[in-house]
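Before any comments, here is the structure.
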Amino acid sequence: MELNKIEILLEKYFQGETSIAEENELRTYFSSPDVAQHLEQYKLIFGYFSLPKEQMLKQEIPLQSKKHYVAWLSIAASVVVLLGIGAYIFYNNDNVNEKQDLGTYDDPEVALKETQKALALLSNHVNVGIESVYYIKEYQESKELIFKQ
């Protein structure tokens, strides 16, 4: 009767349907010396799983601390970032001082002429944008004529 039960458990084991208790039962059966002749081939499988439990590592592995390496690396990264920020501020400081002249004029007539030039330029660009809107409107009208929406 026990042999029949072991064969059923083996079939369930290879189908992946066994519980942990059933697998432990299979391990204990195959670790015993009285295994059926036709089931001897499975003894190696279940004996292999119990083998690592008996082996112990006798060699000590020295743990190397990377704490000092990480500390120096973080300090170096901080210095590089600070140097980068300092260089950026140093080289762009001159550009900021030069750009503070925002087009202010002392003579009101010159200011009026410059304002008119800027507004004419703006008007020209707006007119170009409006012309392209007319093209889109014509396209829309022709599309509605063709597809009759």
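Taking a quarter of the surface of the Cα convex hull of region 103-149, what do you get in nm²? Mind dumping the intermediate values first?
Numbers: hull surface 16.3 nm².
Seen from a random direction, the Cα hull of region 103-149 projects 4.1 nm² on average.
With Cβ to Cβ distances under 15 Å as the rule, what net charge do the other residues near Leu9 carry (K, R +1; D, E -1)? Intermediate results must be reported in sequence, preceding the final value.
Details: positive: Lys5, Lys12, Arg27, Lys43; negative: Glu2, Glu7, Glu11, Glu17, Glu22, Glu23, Glu25.
Taking every other residue near Leu9 into account, the sum is -3.
Rounded to whole Hz and in sequence order, give me ³J(HN,Hα) for region 105-121 from the Karplus expression 6.51 cos²θ - 1.76 cosθ + 1.60, θ = phi - 60°, writing x for Gly and Pro.
10, 8, 8, x, 5, 5, 4, 5, 5, 5, 5, 5, 5, 5, 5, 5, 5
Laboratory data are not the source of any read-out in this text; all were calculated from the coordinates shown. Keep in mind that this is a model prediction, so the values were computed, not measured. All Cβ positions, glycine included, derive from the backbone under ideal geometry; neighbour counts span all protein chains shown.
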